[in-house]
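Here is the structure we will look at.
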Amino acid sequence: MSLGFDNPGLLPLLPLAALPLLLHLMARPRPRPLGFPSLMLLERTQRDNARVKRPRHWLLLLLRTLWTLAILGVFLQPRHYSERPPAGLETHGRAVVIVLDATASMRAGEGAQSRYARATTEAADILRGLSARDRANVIRVRALPEPLYPEPGVNKRHLIDEIRRRPATLEGGSLHEAFQLAATQLRDLPGPREIILLSDFQPGTWTPGRLQVPDGVTVRLLPVAEETIPNQAVTGLRVIPPAPVAGQDFTVEADIENFADTPERRTLTLRVGERIEQHTVDLPARGSAVVTDVLRLEDPGGVPVTAELDADRFPADDLRRAALHLQSSIRAAVHGTDETAELWLRSLNAFPEVSTTRLERLDDLSDTLDVLLISGWDGNRTDRLRAFTERGGLLMIRPGTPNDAANAWLGLERAPGPETRLDPPSGLAVPEPWPDTLRLFRDGRHGSPARGLVHRHAPLQPLPDTHTPLLLLESGEPVWLRHRDHPTLFLWSLSLDFRHSTLAAQTEWIPLFGEWLFGSRPARYPAPADAGDHLAVSRAHLPAAHPELLDSQGTHWPLDIGDHTIRARDPLPPGLYRYRNADTGETLQLRAVNLPAAESDLTALPPEELESEGSALMTRAADLTPLREGRPLWPLLLALAFVFILLEQLVTLRTVRT
Amino acid sequence: MATPRLLTPELLRELEKARFAPRTRVEGQHAGRHSSPARGSSTEFRDYRAYAPGDDPARVDWRVYARSDRHVLRTYEQESQTGCVILLDASASMNYGDAPTKHRFAARAAACLVHTVHQSQDQAGLLLSRDGEHRWHPPAGSARHINHLLHTLDETTPAGATDLPASLRHLNTLLNRRCTLLLISDFYCPPADLFSALNPFIHKGIDLHLLQVLAPAERDLPEGELIAFRDLETGLKLRADPRELRTRYRTVLEDHQRALRELAMRSGAAYKVIHTRQPVLRALEGLIT
């Protein structure tokens with residue numbers, strides 16, 4: 001806090017404050033000399049009186065000095081600056097970084113303008129209010145924070161032009177991340193430092209108290225959301241199983257959320273390739289619903305999937321996209337010669353969508369293979385198997401006597417011990433929590449996946465915390481594990497020879513095997529990305545000399561092609577994109593980019609929920625004017641002068657009366 | 001005989017039939033018309049009393065002292081001619097007030113008393129205390145003496161500072177017999193000091209009369225906004241606004257007078273306050289009839 005003066009030239013007149021003292025001394029009436037018989041009693045009287053009178057005289061002098069000072073102050077025209085030193089006294093200009101929320105929610109319209117339009121207006125006002133020596137920067141909040149200058153600069157005009165030129169994005173973003181960048185930019189700058197956050201402060205993206213305010217930095221929050229916009233959005237879209245086969249049933253699930261305080265009825269249109277399904281959805285207030293559609297497509301290939309709500313006030317999140325790749329069949333192979341391998345082979349043949357072969361040598365492992373089951377693996381060609389899982393191949397291994405390197409990759413302490421007889425035979429159990437792989441059996445309507453008895457067993461020796469168990473012996477020993485770091489790698493310890501276990505003889509075996517086979521394979525295409533993503537993809541997955549990226553309108557998006565990865569040069573807005581072989585025109589990959597679900601909640605938080613420790617709340621840029629330009633104090637001083645004069649008169653009157 | 005300046009014809013007319021009437025029996029060297037309670041040195045023994053400071057050591061009964069190790073004085077019954085001694089404070093503080101000044105008023109009262117005492121064929125004495133000096137006129141009854149006293153009273157001008165307790169101590173050495181003692185002053189001294197100095201007189205059984213003479217402005221303080229009060233005796237100055245002090249000053253003055261009155265009552269002395277605007281003979285009520 002400091003003071004400045006509009007008329008500092010009058011400062012030399014300050015000694016006039018002593019005028020009341022001089023007047024007080026000079027204006028004292030000259031006493032009339034008078035002889036008096038004795039001062040004995042008078043002195044005693046005055047001593048008694050002085051106890052009351054002297055403070056009153058001092059009070060009078062004080063009041064007179066104060067009103068003189070107040071009147072002098074009126075002419076000096078002081079201004080009160082709550083933070084900045086007054087002009088002429090500061091050694092450095094102010095450094096201000098405006099964190100401007102440019103995420104999708106800021107496109108929501110309130111009245112005649114969007115939240116972003118209001119935010120840019122306020123930001124421009126703030127920038128205009130800075131002095132020529134002040135430095136400023138604007139960091140736009142989007143998927144990656146976007147600073148307009150590498151560090152705060154003095155050219156505020158350019159910043160104003162830029163924020164007006166650049167629209168709000170359809171991306172999500174982290175206010176806190178942008179704030180940290182702003183704090184970093186201000187860290188070594190001298191003078192007063194300030195960060196102003198202009199945002200709609202969505203409940204899902206803003207966490208009060210999470211700001212780590214650096215010492216000496218003033219933080220202001222300027223919320224631009226004035227009202228809660230009732231909004232419904234498609235917040236999720238998925239295909240189950242994620243990698244279906246042509247001719248096989250698959251399910252499309254769409255999540256609809258209602259961010260309004262009233263129940264809503266909306267119409268959802270699901271498009272899968274050429275097929276269109278419409279659903280009426282009743283949404284509870286602040287609730288959600290899932291729309292499910294079971295479909296079957298006969299033709300293999302990439303298929304776009306969209307879920308679209310009828311339009312509302314915020315249409316950006318009413319459409320969600322996903323990319324589906326239908327395979328013509330699943331190519332599976334079995335390696336091994338024991339009874340277990342034989343039973344796996346027979347089980348695979350039970351599924352018409354699966355073309356099965358026996359793989360004699362692991363050296364012959366084909367890149368086109370989708371599923372591989374190995375029984376009695378001795379640890380050879382670990383490199384080939386590792387590459388197979390890394391490109392999404394589903395691998396089941398029943399270890400034989402692998403070497404140490406193979407054990408390490410499998411997540412085993414050592415090779416399984418020798419097969420021992422269990423007497424009495426052991427039953428099987430499903431661990432808690434119920435594994436997602438076995439979800440078909442969770443409600444019990446399709447039997448139990450843990451039926452059957454185990455007579456002989458070679459126990460697995462997994463390293464701690466490396467696997468998720470799927471089936472256990474009654475003793476708790478795992479018989480079926482899923483590797484946590486390589487989710488398509490499964491370990492199996494049970495011999496399926498009927499003399500050793502009866503699991504494969506149960507009616508639940510084929511459904512159990514099918515669930516694993518179809519449900520555990522990863523989607524051929526990666527999951528949809530959020531807007532602002534660059535759709536990076538490994539070169540191994542784009543086997544083309546000249547790949548190109550196109551959106552659904554056929555527009556080319558420039559690529560950054562590295563040695564190992566290919567990515568779009570610019571952050572991508574929501575849409576369906578195709579990586580294509582430029583030479584052949586073949587579609588290599590279909591990708592979906594969606595609006596981040598967090599951007600759909602357009603609730604305006606009340607100010608008390610926004611306030612964060614170390615930050616101050618503002619309602620508009622004009623609030624800064626008195627802080628920047630100072631608050632004129634002359635009206636206050638004038639009022640004080642009147643009050644002091646009035647008090648002086650009262651004290652004088654009381655003195656005379658007494 | 002009397003100087004017209006103090007004793008005007010009107011006063012003399014009023015005093016024509018006045019007689020000196022002390023409150024107690026008086027002690028005198030000469031036989032007179034008053035019964036004296038003084039345990040004097042005549043032939044008829046009356047009582048012993050304890051020695052008090054100021055008593056003539058020659059009157060100590062040494063035989064009693066030899067027997068009891070106590071200093072006691074023998075006293076005797078006697079008929080005496082009474083006396084009246086006036087101690088007049090003629091310090092500068094008495095030179096205050098308008099027509100008349102306190103001193104002029106006090107001198108006139110003293111003159112009236114001297115005249116009346118003489119008219120009653122008694123003796124009158126005077127101690128003038130002025131500027132630290134004491135002019136002593138021992139009690140006597142001759143016309144010449146009385147005339148001299150009246151002239152002295154008339155011509156004395158007040159000056160200097162007076163230490164009343166010191167004057168009383170001086171008078172105690174001069175006054176050996178019972179009489180009526182009239183102190184005329186403004187009594188600007190601590191009451192305790194004054195009555196400490198009066199103690200020997202009380203022990204001697206002297207009939208004490210304290211007459212405090214004040215000018216009206218002393219009671220109410222002069223009018224005006226700010227006054228540089230100058231002490232008439234010491235010359236010290238004090239700036240004060242009478243408007244601010246008046247109420248409190250009255251209280252302080254009343255406290256002072258109350259203290260004098262209470263001590264006088266305890267000592268059996270008469271205490272009276274008289275203002276210079278009052279009739280002068282009112283000052284002598286209780287002393288003359």
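In the list B:Leu174, B:Leu88, which residue meets the criterion of being away from every other protein chain (no Cβ under 14 Å) and in contact (Cβ under 8 Å) with a residue 60 or more places away in the chain?
Details: B:Leu174 fails: in contact (Cβ under 8 Å) with a residue 60 or more places away in the chain.
Exactly one of B:Leu174, B:Leu88 is away from every other protein chain (no Cβ under 14 Å) and in contact (Cβ under 8 Å) with a residue 60 or more places away in the chain, namely B:Leu88.
For the range A:118-127, does any single residue satisfy the condition of being assigned to a strand (DSSP E or B) and closer than 28 Å to A:Asp530 by Cα?
no
Report yes if some residue within the range B:124-143 is in contact with a Cys (Cβ under 8 Å, 6 or more places away or on another chain), in the same structural domain as B:Arg266 (by TED's automatic domain parsing) and open to solvent by 60 Å² or more (accessible area, probe 1.4 Å); otherwise report no.
no
Is it the case, given these coordinates, that A:Leu189 is within 22 Å of A:Gly129 (Cα to Cα) and modelled with pLDDT under 90? Lay out the reasoning, then the answer.
Numbers: within 22 Å of A:Gly129 (Cα to Cα): yes; modelled with pLDDT under 90: yes.
So A:Leu189 fits the description; yes.
Would you say A:Thr65 is within 13 Å of chain B (Cβ to nearest Cβ), surrounded by 13 or more Cβ atoms within 10 Å (Cβ to Cβ) and of a type in the set (Ser, Thr, Tyr)?
For A:Thr65, the condition - within 13 Å of chain B (Cβ to nearest Cβ), surrounded by 13 or more Cβ atoms within 10 Å (Cβ to Cβ) and of a type in the set (Ser, Thr, Tyr) - is not met.
Based on what the data block shows, is A:Thr45 surrounded by 19 or more Cβ atoms within 10 Å (Cβ to Cβ), away from every other protein chain (no Cβ under 14 Å) and either more than 39 Å from the chain's Cα centre (by Cα) or modelled with pLDDT of 85 or more (or both)? It would help to see each step written out before you state the result.
Working: surrounded by 19 or more Cβ atoms within 10 Å (Cβ to Cβ): yes; away from every other protein chain (no Cβ under 14 Å): no; either more than 39 Å from the chain's Cα centre (by Cα) or modelled with pLDDT of 85 or more (or both): yes.
It is false that A:Thr45 is surrounded by 19 or more Cβ atoms within 10 Å (Cβ to Cβ), away from every other protein chain (no Cβ under 14 Å) and either more than 39 Å from the chain's Cα centre (by Cα) or modelled with pLDDT of 85 or more (or both).
In this structure, is A:Phe36 surrounded by 14 or more Cβ atoms within 10 Å (Cβ to Cβ) and within 14 Å of chain B (Cβ to nearest Cβ)?
Yes: the conditions hold for A:Phe36.
Consider the range A:331-358. How many of its residues are in a strand (DSSP E or B) and buried (at least 18 other Cβ atoms within 10 Å of the Cβ)?
So the answer is 6.
For the range B:79-197, list the helices (runs of 4 or more DSSP H) that sit wholly inside it and hold at least 3 residues that are in contact with a strand residue (DSSP E or B) (Cβ under 7 Å, 6 or more places away or on another chain) and more than 22 Å from B:Ala264 (Cα to Cα); which are they?
Filter on the range B:79-197 gives B:102-119, B:143-155.
Find the residue count for the range A:162-196, including only residues that are part of a loop (DSSP other than H, G, I, E, B) and either closer than 16 Å to A:Met106 by Cβ or assigned by TED's automatic domain parsing to the domain that holds A:His534 (or both). Before you say what the answer is, go through the steps one by one.
If we filter the range A:162-196 for residues that are part of a loop (DSSP other than H, G, I, E, B), which is where we start, we get A:166-174, A:187-192.
The next check asks that each one be either closer than 16 Å to A:Met106 by Cβ or assigned by TED's automatic domain parsing to the domain that holds A:His534 (or both); those that pass are A:166-174.
Matching residues across the range A:162-196 total 9.
Given the condition among the aliphatic types (A, V, I, L, M), over 16 Å from A:Thr488 (Cβ atoms), in a strand (DSSP E or B) and modelled with pLDDT of 90 or more, answer yes or no: does some residue in the range A:373-394 qualify? Before you say what the answer is, go through the steps one by one.
At the first step, the residues of the range A:373-394 found to be among the aliphatic types (A, V, I, L, M) are A:373-374, A:385, A:387, A:394.
Still in the list and also over 16 Å from A:Thr488 (Cβ atoms): none.
For the range A:373-394, residues among the aliphatic types (A, V, I, L, M), over 16 Å from A:Thr488 (Cβ atoms), in a strand (DSSP E or B) and modelled with pLDDT of 90 or more: absent.
Name the strands (runs of 3 or more DSSP E) wholly inside the range A:468-565 in which the number of residues that are surrounded by fewer than 20 Cβ atoms within 10 Å (Cβ to Cβ) and acidic (Asp, Glu) is 2 or more.
In the range A:468-565, the matching strands (runs of 3 or more DSSP E) lie at A:547-551.
Collect the residues in the range B:36-90 that are open to solvent by 20 Å² or more (accessible area, probe 1.4 Å), under 26 Å from B:Ser142 (Cβ atoms) and at pLDDT 60 or above, keeping them in residue-number order.
If we filter the range B:36-90 for residues that are open to solvent by 20 Å² or more (accessible area, probe 1.4 Å), which is where we start, we get B:39, B:41-51, B:53-54, B:56-59, B:62-63, B:65-71, B:74, B:76-79, B:81.
Right, trim to under 26 Å from B:Ser142 (Cβ atoms) and you get B:41-42, B:56, B:78-79, B:81.
Across the range B:36-90, the qualifying residue is only B:Asp56.
For A:Ile160, all conditions in the list (1) open to solvent by 20 Å² or more (accessible area, probe 1.4 Å); (2) more than 23 Å from the chain's Cα centre (by Cα) hold save one; what is the number of the exception?
All conditions are met except number (1).
Let me confirm something: among B:Leu210, B:Leu245, B:Leu221, which residue is at pLDDT below 90, of a type outside the set (Val, Ile, Thr) and either under 25 Å from B:Pro158 (Cα atoms) or within 21 Å of the chain's Cα centre (by Cα) (or both)?
None of the others qualify; the one that does is B:Leu221.
Can you name every residue in the range B:207-235 that is open to solvent by 10 Å² or more (accessible area, probe 1.4 Å) and away from chain A (no Cβ under 13 Å)?
B:His209
Are any residues in the range A:447-467 on the phi < 0 side of the Ramachandran plot and assigned to a loop (DSSP other than H, G, I, E, B), and if so, which ones?
Within the range A:447-467, A:Ser448, A:Pro449, A:Ala450, A:Arg451, A:Leu453, A:Ala458, A:Pro459, A:Leu460, A:Gln461, A:Leu463, A:Pro464, A:Thr466 qualify.
Mind checking which residues of the range B:236-289 are away from every other protein chain (no Cβ under 14 Å), open to solvent by 50 Å² or more (accessible area, probe 1.4 Å) and either in a helix (DSSP H, G or I) or more than 19 Å from B:Met94 (Cα to Cα) (or both)?
Scanning the range B:236-289 gives B:Arg261, B:Glu262, B:Met265, B:Arg266, B:Arg282, B:Glu285, B:Thr289.
The values are calculated or read from the model by the stated rules, or taken from the named source; none is laboratory data. In this text the structure is predicted, and so the values were computed from the model without any measurement. A quick note on method: Cβ atoms are made from the backbone with ideal geometry, for glycine too, and the neighbour counts reach across all protein chains shown. For accessibility, only protein heavy atoms count, side chains too; no ligands or nucleic acids. Shrake-Rupley method; radii C 1.70, N 1.55, O 1.52, S 1.80 Å.
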